[in-house]
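Enquirer: A single structure is presented below for examination.
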Amino acid sequence: MRQKSKAKGKRILGVVLALVFLISCIMTPDVHAQAESMIIALSARSVKIGDTLAVTVTLPAGVTGTVNLTYSKDLFTYQSATAETSVNAGTVSMTLGSYGSGNKRASGTVKFKADAAGTASFAASAPSAGNQEGDRVDVGGASVSVAVENSAAAADDKSKDNTLASLTISEGILSPEFQSKVTEYQAKVGDQVTRGQMIASPAQGLSVGIHATISGKVTEVTDRWIVVAKN
């Protein structure tokens, strides 16, 4: 009888210990540690179309985790990154840091090419992060914006060449003969001419001729100019 009681007591004790262990596992909270926010740094606060922009994301000290960097995909194109990444629908995901790295800051740099003008935004978040003790860490996100401007060639479409490709008059003779570097001419016309047209074509820029109509009565003739009074 005593042996049966001892065996029964051991079984009850084992069940109780198992229940206590199970309850302790259920009631043990998932440890979360609060960390400071990550940092986003830009290689420039404004770029031109065609330029490369470097975006560096830095985690808090001693933190490792997955970082998602979202960007304006209508203005920028992903080029490369210093960490192993995956790119999907305007989001670059990369793993930064490693356990055993101590109280160091882990960072990664992503390069983008500017494709269109406008104001672009970059935002970083860490959905999965932990500290060196293996505890889960809540890391604050960060965001920044950058201006994309038109390139110098696109912004300034004015030609730097102000020379002419040709210069003619509808009546009379132009003297001297046209040369692109000559800026002064004389027009020889008959005394019965009361109306004429000057046609100039620029060397660059406009693809059409520039017409100027001259009409009136000749009131003075010198060796340098002809004075025409309007009718």
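Values quoted throughout were computed directly from the atomic coordinates according to the rules given, and no laboratory measurement underlies them. Bear in mind that the values here come from a model prediction, so they are computed numbers and not experimental data. Cβ coordinates were reconstructed from backbone atoms using ideal geometry, including for glycine residues, and neighbour counts include every protein chain displayed.
Enquirer: Where the second residue is crowded, with 16+ Cβ neighbours inside 10 Å and aromatic (Phe, Trp, Tyr) and the first is on the phi < 0 side of the Ramachandran plot and lies in segment 83-106, which pairs have Cβ atoms under 6 Å and are six or more apart or on separate chains?
Expert: Val87/Tyr78
Enquirer: Let me ask something else. Considering only residues that are among the aliphatic types (A, V, I, L, M) and in a strand (DSSP E or B), look in segment 58-101 and name the one that is farthest from Ile40 (Cα to Cα).
Expert: Out of the qualifying residues, it is Val87.
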